[in-house]
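Working notes, beginning with the structure itself.
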Amino acid sequence: MNTSTPSRVFSGVQPTGNLHLGNYLGAIRKFVDLQHEYECLYCIVDLHAITVWQDPAALRDQTLEIAAAYLAAGIDADKAIIFHQSAVSAHAELAWIFNCVARMGWLNRMTQFKDKAGKDKERASVGLFVYPNLMAADILAYRATHVPVGEDQKQHLELARDIATKFNNDFEAEDFFPLPEPLIKGAGARVMSLRDGTAKMSKSDPSDLSRIGMMDDADMIAKKIKKAKTDPEPLPDSLDGLNDRPEAKNLVGIYAALSGVTEEAVLAEFGGQGFGAFKPALADLAVEKVAPIAEEMRRLRNDPGYLEGVLGAGAQKADAIAAPILKEVKKVVGFLG
């Protein structure tokens, strides 16, 4: 690794659809914790968003919503860098260079493209296919050393490591780019649908009851948990008892993540009890943890000028890191000036 590279975290959230509890527990809450341990850059990845068509007005609005969520959740704009991807040109410029470093065979193995493109991949955008190269550029434009990722993004991070290695080798620039490491830790890394414990909680699910939105009020949060799918059995005393009970496992995992305890501790408290007792406790906890964030998000959303100012200042800080690195990249590749 380049010995001059500090321990630096990069991560981002797409400004598409409404944020939900899975986004918070799986990513944003961890961003809050990491800002105290690392130099952190938290991006709103609007370039990634347009790999599928977005309504321009909605994209701008949702970009501000993510910024509000970052701040409301506890990310400190004076401690971490908050910005939107399209404001820093190094992302797009480095992505093109990585398009010429990465191999077609590598991208053909990316399972997320197959999942998102579906059966009609010929009609998918080229951007969706090369999305992982842009993700690599996002990370390596800052020589980030760590990336908090979910299981579904691990393959893309491996590709970023492959691209970094090939670049370093192709241009005989040993250790030019560090090999970023994944940060996967803590409960709630994968929050599932409240209507189907085998499917990930998603913005795109047609049922609003499948997810707890980060701007839901207390009554709506409680209603959704009350209506969450369960089974007729009481909660078990051990984790083994959650096998083949995806909805029960999901609700226990959400309680553990919100309360900051292990799933074993949750079962020690509620084992043997039915969902008639567990759901109200979970609803109270979710309201306690999520409702204040929702209230602060709504307040911030009423001040778009402030949010734009935070993003603008963050973009300047991000560019100050990325621009010199990109200048070095261009020199290594052989570009003039």
Practice problem: Go through 318, 197, 329 and say which Cα lies farthest out towards the positive end of the charge dipole of the chain; charges sit on Cβ, +1 for Lys and Arg, -1 for Asp and Glu. | Solution: 329
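Once you have a ≥ b ≥ c as the square roots of the Cα gyration tensor eigenvalues for the stretch 1-82, tell me rounded if a/c is under 1.5, and otherwise prolate or oblate according to whether a/b is larger than b/c.
Values: a/c = 2.29, a/b = 1.59, b/c = 1.45.
It is prolate, given that a/c is not under 1.5 and a/b is the larger ratio.
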Quiz prompt | FRET efficiency estimate (nearest 0.05) - Cβ-Cβ, residue 306 to residue 219, R0 25 angstrom | solution = 0.35
Quiz prompt | Label-point separation, residue 198 to residue 227 (7 Å along Cα→Cβ), nm | solution = 2.3 nm
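What do you get when you divide the Cα radius of gyration of the stretch 99-170 by 2.2 N^0.38 Å, with N the number of residues? Mind dumping the intermediate values first?
Values: Rg = 12.4 Å, N = 72, 2.2 N^0.38 = 11.2 Å.
Here the answer is 1.11, to two decimals.
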Quiz item: Any idea what diffusion coefficient the chain gets from Stokes-Einstein, in µm²/s, Kirkwood Rh on alpha carbon pairs, 10 °C, 1.306 mPa s?
Solution: 75 µm²/s
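Determine the sum of side-chain charges near residue 214: Lys and Arg each +1, Asp and Glu each -1, restricted to other residues whose C-beta is under 14 angstrom from that of residue 214. Can you show the working numbers first?
Details: positive: 29, 203, 211, 224, 289, 298, 299, 301; negative: 65, 208, 216, 217, 295, 296.
Around residue 214, the surrounding residues sum to +2.
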Practice problem: With r as the distance between the Cβ atoms of residue 179 and residue 76 and R0 = 30 Å, compute the FRET efficiency 1/(1 + (r/R0)^6) and round to 0.05. | Solution: 0.55
Quiz item: How large is Rg over Rh for the stretch 105-246, taking Rg from the Cα atoms and Rh as the Kirkwood inverse mean of 1/r across Cα pairs?
Solution: 1.08
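If r is the Cβ-Cβ distance from residue 61 to residue 208 and R0 is 22 Å, what FRET efficiency results, to the nearest 0.05?
Working: r = 18 Å, r/R0 = 0.84.
Here the calculated transfer efficiency is 0.75.
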Quiz item: In deg cm²/dmol and to the nearest 500, what is the mean residue ellipticity at 222 nm of the chain if only DSSP H runs of at least 4 residues count, each as -39500 (n - 2.57), divided by the residue total?
Solution: -16000 deg cm²/dmol
Exercise. Determine the equivalent ellipsoid of the stretch 261-320 by diagonalising the alpha-carbon gyration tensor, then write out the semi-axes as square roots of 5 times the eigenvalues, largest first, rounded to whole Å.
Key: 41, 16, 5
Quiz item: If the limit is 19 Å between Cα atoms, which of 30/223; 226/289; 154/330; 30/154 go over it?
Solution: 30/223; 154/330
Self-check item: Relative contact order computed over the stretch 208-299 (Cα-Cα under 8 Å; 6+ residues apart), in percent
Solution: 41 percent
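Between residue 299 and residue 18, what is 0.36 nm times their sequence separation minus the Cα-Cα distance? Round to one decimal in nm.
Numbers: separation 281, 0.36 × 281 = 101.16 nm, distance 1.64 nm.
Length gained, residue 299 through residue 18: 99.5 nm.
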Quiz item: Near the amide H of residue 183, under 5 Å away, which other amide H atoms are found, from residues 5 or more places off or on another chain, if H is placed in the peptide plane?
Solution: 147, 149
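Taking N as the number of residues in the stretch 208-299, what is its alpha-carbon radius of gyration divided by 2.2 N^0.38 Å? Walk me through the numbers before you get to the answer.
Details: Rg = 13.3 Å, N = 92, 2.2 N^0.38 = 12.3 Å.
Normalised by 2.2 N^0.38 Å, the Cα Rg of the stretch 208-299 equals 1.08.
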Quiz item: Can you list the residues, at least 5 places off or on another chain, whose amide H is less than 5 Å from the amide H of residue 39, using H built in the peptide plane?
Solution: 9
Self-check item: P(r) weight above 23 Å for the stretch 34-141, C-alpha pairs, percent
Solution: 38 percent
Quiz item: Across the stretch 72-86, in residue order, what do the Karplus-derived ³J(HN,Hα) couplings come to in whole Hz, using 6.51 cos²θ - 1.76 cosθ + 1.60 with θ = phi - 60° and x for Gly and Pro?
Solution: 5, 6, x, 6, 9, 5, 8, 9, 10, 9, 10, 7, 9, 4, 5
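None of the figures in this text is laboratory data; all of them are computed from the coordinates on show. Remember, it's a predicted structure, so these values are computed and weren't measured experimentally. Reconstructed Cβ throughout: ideal geometry from the backbone, glycine too, with neighbour counts over all protein chains shown.
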